[in-house]
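Written out below as C-alpha cells is the structure these notes cover.
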Amino acid sequence: MNQRKKLVIALVLITLVTAACGTRVNKAAFYKQLAQQGAQTTTGSATTGGTTTGGTTTTGTSTGGTTTGGTTTGGTTTGGTTTGGSNNGGGGSAASLGVSTAPVGNTIKIGLNIPLTGAAPVPSSFQDSITVAQDYLNSNGGINGRQVQFLVEDDGYDPAQGLAACKKLAGENILFAVGHTMPTIEEECTSFYNQQKIPYIMRGIPETTLSGHPLAYFGTPSDDFQSTLLADYVIDRIANGKTLVNDTVTENDQPVSKTNYAAEIKRKGGKFGNTYTSTPRQSDWSSVISHLKGDNAGIVFLNIAPVDAISLAVQSKNQGYHPVWVGEGTHWNYNLSMQSAGSALDGAQVFSPWSSIDSPAADQYKAAYRQYKPGKTPDDLGLIIWGYANMIKTALTAAGKNLTRASFVDAMNRMNFTAAYWNPITYTPTDHRGPRVVAVFRGNGNAQKWDQISGFTGSF
C-alpha cells in the first residue's frame, strides 16, 4: 500500500470518528445524539410565502470478471413535464468552446467532490461502493482499453472547502468531475470548472446555474422542476393536501425551491403558510418547531440536508408534533435517514432520482457488490455512485478509442441513458438539464427504510 493511500485511509477514519464536534459517527447514534444537542443554538427566520435573503484518492483494484452492466432498460417512466428555465445555450462543438483535444492516456481520472463530512455521517461502506464502481468499470479491459480512477475530495458541505476541493481535483489532471453536494458549492465549482474548460456533472440545483456554462450537466432533476412537481404531488396525491397548511424549512441557498413550491401550492388552491430559513448543521430547532406548530402546518417541505432533516423531525416528534414531511430527491431520501430517525420520519414522502435499494431495479448493482465486495452489504448511498458510474460509462464508450476531453463533451451532448435504477437522462448540445422524472418514496418507521411507492414519472 503506497503512502498516499495510507494517508487517505487514515484521514477518512479520523473524519468519521471526530465529526460533529467530537461525537463518534455512526449511522444511527450520530443523528440521534445530534437531534438532542442544544449547543450552537440557531433560530430560523420566517418569511411569508416567498423569498428570504439570504484528496482523498481512491484507487481500487481492478479484479476483472463480468457483470451485466452498462445501459439497461426497465422501470416505469411516465410523462416528463418540462418547465421553463435556463439552459446552457452553447450548441457548438466542444473544440469550438476551447475544450482540450489532447489525447487521454491509459488512465481516465474522474474527480468526485462530495460531503464525506458535514451533511451526513457517511458509513464505511461508501468506500466500498466507490471501489465496486471502479472495479466494475475496469473489468474486461476497462473502457475502450483504458482504466478508470476515481479521485475523491471531501467538500465538507462548506462553500470554501468545496471550492478548494474542486481546485485540488482540477490539478490532478482529471478528465471531468462529478459533484453531489450543497448548491452553493456546485455553483462555485461550475464557474471554476468552466474557466478551466473541465466538464462538470452534478446533482440538479437551480437551472440558472447552467446558464453560460456549456460544460455543466445535471445528473438528477433540477430544483426548479422538482419543487413545482412536489407541490403538485402534495395537492393531488397527499390526503388533505389542499386543505392542510403548507410550510417550508429551507437553507438560505435554495431560492428557487421555496419560491416555486409556495407559488404552485397557491396556484392550485392550496394553503401556504410561511417559509423558515435554517442554517446547515443547526442543532436547536425549538424556534422553528414553535413557528410550524403556531401555523398549524400539517405538511412541511424540508429543503435541507439529511443531518438537519433528521434532527428537526426527531425534535418535533419529542414535542408531540408530527406533520407530513415532504422533500425533493437528493436531500434526505436515504435509508440512513430512516435508520436514524425511525418513527420521526414515518409517513414522510420524498422524491428520488433512483430506485429503492430493495427493488428488483437495483439487482444489477447488488450483483456487482457480490462480485467485487463479497460478504459486504450494499446501501442506497452506493447506488448513487453506481448510477453516475454507468451514466459516464455510456458517454465514455461513445467518445471512442481516441478519447479527448472534447470528444467526451461531444458524447455527453448526444447521450441518452436509461436504467431501471436511475432517472433516465437525455442531453443535447443546448439542454443539459437532464432528468425530468422522479420516483416517490414513503418513510417506513417500523422497518427504518424508504418504501418506493411509484415508478419514475414527470407529472401527477
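The table for this structure:
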{"read-out": "Size of charge dipole - region 137-247 - debye, nearest 20, with Cβ of Lys, Arg +1 and Asp, Glu -1, no other charges", "value": "420"}
{"read-out": "Net +/- balance of residues flanking GLY98 in space, Cβ distance below 15 Å, scoring K and R +1, D and E -1", "value": "+1"}
{"read-out": "Gained length - THR279 relative to LYS167, 0.36 nm times residue gap less alpha-carbon distance", "value": "37.8 nm"}
{"read-out": "Hypothetical label at GLN195: residues of region 159-181 whose amide nitrogen lies under 11 Å (7 Å Cα-Cβ projection)", "value": "167"}
{"read-out": "Distance violations [Cα-Cα > 24 Å] among LYS266/LYS317; LYS317/LYS376; LYS271/LYS293; LYS266/LYS449", "value": "LYS266/LYS317; LYS317/LYS376; LYS266/LYS449"}
{"read-out": "Label-point separation in nm, SER93 to ASP363, each point 7 Å along Cα→Cβ", "value": "4.3"}
{"read-out": "Formal net charge of residues neighbouring LEU230 (Cβ-Cβ distance under 15 Å; K, R +1; D, E -1)", "value": "+1"}
{"read-out": "Förster radius 30 Å - calculated FRET efficiency between LYS242 and SER290 (Cβ-Cβ, nearest 0.05)", "value": "0.75"}
{"read-out": "Neighbour net charge for LYS266 - beta-carbon separation under 14 angstrom, K R +1, D E -1", "value": "+2"}
{"read-out": "Gap separating the Cα centres of region 164-192 and region 389-405, nearest whole Å", "value": "20"}
{"read-out": "Order of LYS242, LYS373 - criterion: other Cβ atoms within 10 Å of each residue's Cβ, fewest first", "value": "LYS242, LYS373"}
{"read-out": "Reachable aspartates and glutamates from LYS167, criterion Cα separation under 16 angstrom, eight or more residues apart if same chain", "value": "GLU153, ASP154, ASP155, ASP158, GLU186, GLU187, GLU188"}
{"read-out": "Per-residue Cβ neighbour rank within 10 angstrom, fewest leading, TYR200, TYR321", "value": "TYR321, TYR200"}
{"read-out": "Total charge dipole magnitude, region 331-460, about the Cα centre, Cβ charges on Lys, Arg, Asp, Glu only, Debye to nearest 20", "value": "440"}
{"read-out": "Relative exposure of PHE126, PHE225, PHE408, PHE351, judged by other C-beta atoms within 10 Å (fewest first)", "value": "PHE126, PHE408, PHE351, PHE225"}
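No value in this document is a laboratory result; all are computed from the given coordinates. None of these values were measured; they are calculated from a predicted model. Reconstructed Cβ throughout: ideal geometry from the backbone, glycine too, with neighbour counts over all protein chains shown.
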